[in-house]
Structures are given as C-alpha cells and as structure tokens.
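Q: My structure is below; once you've seen it, I'll send some questions.
The values are calculated or read from the model by the stated rules, or taken from the named source; none is laboratory data. Everything quoted here is computed from the prediction, not taken from an experiment. FYI the Cβ positions are ideal-geometry reconstructions off the backbone, even for glycines, and counts take in every protein chain you see. Surface accessibility is based on the protein's heavy atoms, side chains included, excluding ligands, DNA and RNA. Shrake-Rupley method; radii C 1.70, N 1.55, O 1.52, S 1.80 Å.
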Amino acid sequence: MTATVPPGQPGISGPADGRVELAPGAAPADSRFVNDDLLPVPLAERRWTTYNFAALWVGMAHNIPSWMLASGLVALGMDWKQAVLTIALANVVVLVPMLLTGHAGPKYGIPFPVLARASFGLRGANLPALIRAGVACAWFGIQTWIGGQGIFVLLDKVLQEVAGSGWADAARIGGQPWTLWLCFGLFWVLELAIIYRGMEALRRFENWAAPFVIVGALALLGWITVEAGGFGPLLDQPSRLGWGADFWPVFFPALMGMIAFWATLSLNIPDFTRFGAGQRSQVLGQSLGLPTTMTLFALLSVLVTSGSQAVYGAPVWDPVALAAKTDSVFGLLFALVTVLVATLSVNIAANVVSPAYDLANLAPKLVNFRTGALITGVVGVLIMPWKLTATPELYIFTWLGLVGGLLGTVAGILIADYWLVRRTVLDLDGLYRADGPYWYRGGWNPAAVLAFAVGGVLAVGGSHSAPGTGPFPEDGLIPFLKPLADYGWAVGLVASLVLHTVLMRRGASTRSSARSS
C-alpha cells in the first residue's frame with residue numbers, strides 16, 4: 001500500500017495543494033486495524049466547503065444547553081456583559097486546538113482515532129478513543145433526554161390548546177410520565193435513523209438545519225420583544241462580582257467550564273474535516289462558525305430572557321419553558337420543530353459521529369460506522385441521563401470538570417505529536433500497519449501514555465466540591481493539586497504537550513546516537 005503525498009518528498013508525487021491519499025486500489029497490510037470507515041477519504045470525496053463547516057457549527061451551537069450557558073454565568077453573579085465575554089473568550093480559545101487537530105483531516109483524510117495512532121500507537125489509540133467515545137455517549141444521552149423533554153412539554157401544551165387536556169398527568173413509570181418516555185424513545189430513534197444514512201446525509205441535514213434554527217431563535221426574540229414592549233431591566237442589572245477580586249475566582253473556573261463544553265470536538269474534529277475540500281475550507285468555516293455563533297447565541301439568550309422578565313416578572317432561562325407560554329398553536333408547533341431540529345443537529349454531529357468511529361477503531365473487523373452509532377445510542381440510554389442531569393453540582397462540577405481536564409490532556413498530546421514532533425508529516429500507510437513506524441512497543445507509545453497519566457493527574461487530581469454539593473472532598477482528591485483544579489483543561493493541555501514533546505525528542509535523539517555509534 002502506497003500513498004501519494006505533496007511534491008517535495010523524494011520519489012513521491014501528489015496534488016499541489018498538499019493533500020494526501022492512498023494510491024487507488026491499494027490494500028492495507030494488516031486488516032486488524034482497518035475497515036472501510038477508517039480508511040482515508042479519497043480526494044474526490046473531500047468536498048465539504050466553507051459553508052458546510054460553518055453550517056455544521058451553527059447547527060451544533062444552537063441548542064438548549066448552549067442557550068442556557070449565559071444564564072448559568074449570570075446565576076454565578078456575572079452581569080450579561082461578563083457572561084457574553086466569558087463565552088466569547090472560551091470559544092476563541094477552544095478554536096485554536098480545533099484548527100490544529102483539524103488540519104490532519106483535509107490533508108490525510110483520516111478520522112480522529114487513526115490520527116491518534118501516530119502519537120499513542122496503533123493499539124494505544126484506543127485509550128483516547130474510548131475516553132472520547134465514553135464522553136460522547138454520555139452527552140448523547142443527555143441531549144436526547146433534553147430533546148425528549150422539550151418535545152414532551154411543547155406537545156402537552158399543543159394538546160391543551162387543541163383538545164382541552166394535555167398528557168403530563170399520564171401514568172408514571174420510573175417516576176416519569178410514560179408519555180415523556182415515549183417522546184424520549186421516539187427522539188432517540190429519529191436521531192439514529194438519520195446518522196445511519198451516513199456522513200453525506202448528515203452534511204445535507206446540517207446545511208438546512210443551521211438557517212432554520214437561526215430563524216427559530218430570531219422568531220423567539222421577535223415574539224418576546226412584542227410581548228415585553230422592550231427588553232426589560234435585565235441588561236441594566238449590575239454585576240454582583242464587579243471586575244475586581246470577587247470576579248476572577250469565578251471567571252477562570254467558568255472559562256474552563258465553557259471551554260470544556262466544546263473540548264470534545266477539539267479532539268475528534270478530524271472526523272469532519274477529513275471530508276474538507278482543503279485547509280481553507282475548514283479554517284474559515286470553523287472560524288466563522290464557532291466563536292461568532294456561540295457569542296451571538298449567548299447574547300440572544302440574554303436578550304430573550306430579559307424580555308421574559310419584563311413580561312412574566314421573573315426571568316425564564318429555558319427556551320422550551322418560555323415557548324410553552326404562548327397560546328398560539330402555530331407558535332407552539334413552530335417552537336416544537338425548532339427544538340427538534342436544534343437538538344438533532346448538535347446531538348448527531350457532536351455525539352454520534354465520534355463514538356461511531358472510535359468504536360470502529362476498537363474492533364475494525366466487527367464494528368463499522370453504523371454499528372458504532374447503534375452502540376452509542378444504546379450506551380447513551382444505559383448511562384441514565386435523567387440522573388446525570390438531576391443536580392447542577394453533578395452535571396457541572398463532576399461532569400464538565402473531569403471531562404475538560406482529561407480531554408485537554410489528550411488534545412495536548414495530539415497537537416504536540418502532529419505539529420511539534422512530526423511537523424504535520426505522517427506516514428499514511430504506516431497508520432494501518434503493525435510493522436510500521438507507529439507500532440512502538442506492542443502497539444503502545446510509552447511517551448504518550450506517560451504524558452497522558454501525568455497531565456491527567458495534574459488536571460483533575462485536585463478536583464473538589466463544596467460540602468454537600470458534589471462527590472469530591474472539600475480539600476480535593478489530591479490536596480496539594482487543588483489550586484490547579486479550576487484550570488483543569490489548560491493544565492492538562494500544557495502539561496501533556498510539553499512532556500510528550502520532550503519525551504519524543506529525547507527518544508529520537510537516543511535512537512540517533514545509537515545508530516551513530
């Protein structure tokens with residue numbers, strides 16, 4: 001199996017734009033590490049444009065949890081300007097690793113778990129892949145439960161308006177109305193039905209979902225503006241924290257939490273950029289789509305919520321609960337479709353694509369992309385998302401804190417290996433061969449494993465909870481690391497990046513000295 005790569009490498013020719021593909025008809029040397037979904041995307045099939053990537057991010061960013069991010073920061077004592085600033089900065093920060101890891105997609109056409117083979121080894125890549133898959137499965141379950149709840153609430157209001165009675169008082173199963181379980185199940189089936197059709201179906205869905213959700217959010221803003229006769233007093237409320245000593249202890253943990261919201265995609269963005277028509281498409285598309293959309297969406301949520309305060313006397317942060325207050329059947333149905341499309345667009349793209357590839361990488365001969373998607377759906381139910389989201393302490397401190405720290409650690413290793421160690425040059429053929437350069441020791445790279453262990457401990461070892469609000473001790477799991485806990489994502493990324501680079505260069509220097517002697 002041979003690869004065509006950019007001109008300038010001895011004895012090899014390839015396209016002038018720097019993209020790489022396996023030679024047509026080439027067969028991988030070791031079938032244990034390949035199936036059709038893990039092979040590089042042929043150049044002819046890499047056709048996602050700037051619009052496709054921007055639409056992907058617009059579709060993913062416009063969802064119920066994103067809408068409520070700003071409200072959580074305001075609840076911590078920030079005013080609307082501080083909340084929007086924090087979200088904007090977080091998404092600019094997370095965009096950087098997103099673009100760095102995304103570079104390998106258009107160039108080599110490979111998904112995240114195959115890229116991870118270069119740094120962790122052909123077998124070791126399953127470590128970051130399974131971490132990412134586990135996070136995605138849990139997020140899939142959470143988003144599906146939130147989407148099912150939204151459908152349940154809005155359909156109940158529609159039935160009240162049309163038939164005079166709703167279904168919220170239906171018989172209960174497991175503490176919830178059976179009608180809520182029905183909405184959850186139907187939404188689950190719909191999600192898997194779309195992703196089962198493949199990545200091209202996802203691209204087409206995101207293309208029209210993105211503008212539709214924008215229209216829906218603006219319609220909500222227009223409606224509440226008319227109802228309120230203005231935006232109410234929320235924009236005038238002062239910060240309870242100010243900009244001094246009380247602000248910064250809240251700002252930095254909040255910033256890490258906002259970064260953790262999309263830290264998952266900073267790892268597996270090659271799953272999407274591998275379909276890119278070139279680097280310009282993914283760089284411009286992501287830069288236009290992520291930070292701008294998240295910032296504007298946060299601002300929009302604050303404006304709509306301020307209007308709700310003027311109308312109802314109290315801020316209504318949940319867009320589903322706010323939409324349910326209308327008496328218009330048409331408005332309710334429009335809100336229902338908007339919630340449906342918004343949640344579908346983020347959950348399918350962000351939380352099904354990655355574990356589908358990650359699980360395929362674990363057992364390529366047994367699991368393909370579609371099978372991996374089905375496994376994701378089942379695991380997303382088994383983790384019981386209704387319990388994971390039951391309390392904000394469990395959801396925010398345990399979930400986002402741990403996830404952010406571990407994912408930042410993996411991102412640091414990927415960036416260090418691809419950019420600092422290999423200078424973006426990979427042996428594409430070797431990523432699929434046990435006798436290639438990425439076999440290391442039995443398929444594992446000790447340098448990457450050590451960097452992950454050290455970075456992970458530094459990032460999450462100091463995790464702590466206030467008394468009675470979470471699962472961690474007040475002094476932290478490892479007390480002397482407690483000061484680092486509020487900066488988990490950044491600590492994990494920087495520590496693993498530096499250590500992996502040092503270990504890999506030291507190893508290369510040792511091998512070079514051995515050959516010389």
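Q: Between a residue in region 65-82 that is within 20 Å of A245 (Cβ to Cβ) and any residue that is part of a loop (DSSP other than H, G, I, E, B) and among the aliphatic types (A, V, I, L, M), which pairs come within a Cβ distance under 7 Å, given they are 6 or more apart or on different chains?
A: Once the first residue is within 20 Å of A245 (Cβ to Cβ) and sits in region 65-82, its partners that are part of a loop (DSSP other than H, G, I, E, B) and among the aliphatic types (A, V, I, L, M) give G77/L241; M78/L241.
Q: Among A495, A508, A466, A459, which is hydrophobic (A, V, I, L, M, F, W, C), closer than 26 Å to P249 by Cα and modelled with pLDDT under 85?
A: A466
Q: Hey, another quick one. How about region 370-382: which of its residues are open to solvent by 10 Å² or more (accessible area, probe 1.4 Å) and touching a Phe, Trp or Tyr at 6+ places or on another chain (Cβ under 9 Å)?
A: R370, L374, V379, V381 - these are the residues of region 370-382 that are open to solvent by 10 Å² or more (accessible area, probe 1.4 Å) and touching a Phe, Trp or Tyr at 6+ places or on another chain (Cβ under 9 Å).
Q: Does V304 qualify as being at pLDDT 90 or above, of a type in the set (V, I, T) and in contact with a helix residue (DSSP H, G or I) (Cβ under 9 Å, 6 or more places away or on another chain)?
A: Against the criterion (at pLDDT 90 or above, of a type in the set (V, I, T) and in contact with a helix residue (DSSP H, G or I) (Cβ under 9 Å, 6 or more places away or on another chain)), V304 does not qualify.
Q: I need the helices (runs of 4 or more DSSP H) fully contained in region 208-317, keeping only those with at least 3 residues that are open to solvent by less than 60 Å² (accessible area, probe 1.4 Å) and either among the aliphatic types (A, V, I, L, M) or out of contact with any Ser or Thr (no Cβ under 9 Å at 6 or more places or on another chain) (or both).
A: Ranges flagged: 248-268, 279-312.
Q: Specify which of the listed residues (V153, V135) is open to solvent by 10 Å² or more (accessible area, probe 1.4 Å) and under 11 Å from S354 (Cβ atoms).
A: Among V153, V135, only V135 is open to solvent by 10 Å² or more (accessible area, probe 1.4 Å) and under 11 Å from S354 (Cβ atoms).
For every residue, the table says whether it meets (1) in a loop (DSSP other than H, G, I, E, B); (2) open to solvent by less than 10 Å² (accessible area, probe 1.4 Å).
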residue: A55; (1), (2): no, yes
residue: G59; (1), (2): no, yes
residue: P65; (1), (2): no, no
residue: G77; (1), (2): yes, yes
residue: V84; (1), (2): no, no
residue: V96; (1), (2): no, no
residue: G105; (1), (2): no, yes
residue: P113; (1), (2): no, yes
residue: S119; (1), (2): no, yes
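Q: State whether one or more residues within region 135-158 are in a helix (DSSP H, G or I) and without any contact (Cβ under 8 Å) to a residue 12 or more places away in the chain.
A: The answer is no; no qualifying residue exists.
Q: For region 332-358, how many residues meet the condition of being over 26 Å from T273 (Cα atoms) and crowded, with 20+ Cβ neighbours inside 10 Å?
A: 5
Q: Sort out which residues of region 163-185 are hydrophobic (A, V, I, L, M, F, W, C), assigned to a helix (DSSP H, G or I) and surrounded by 12 or more Cβ atoms within 10 Å (Cβ to Cβ), and write them in order of number.
A: W178, L180, W181, L182, C183, F184
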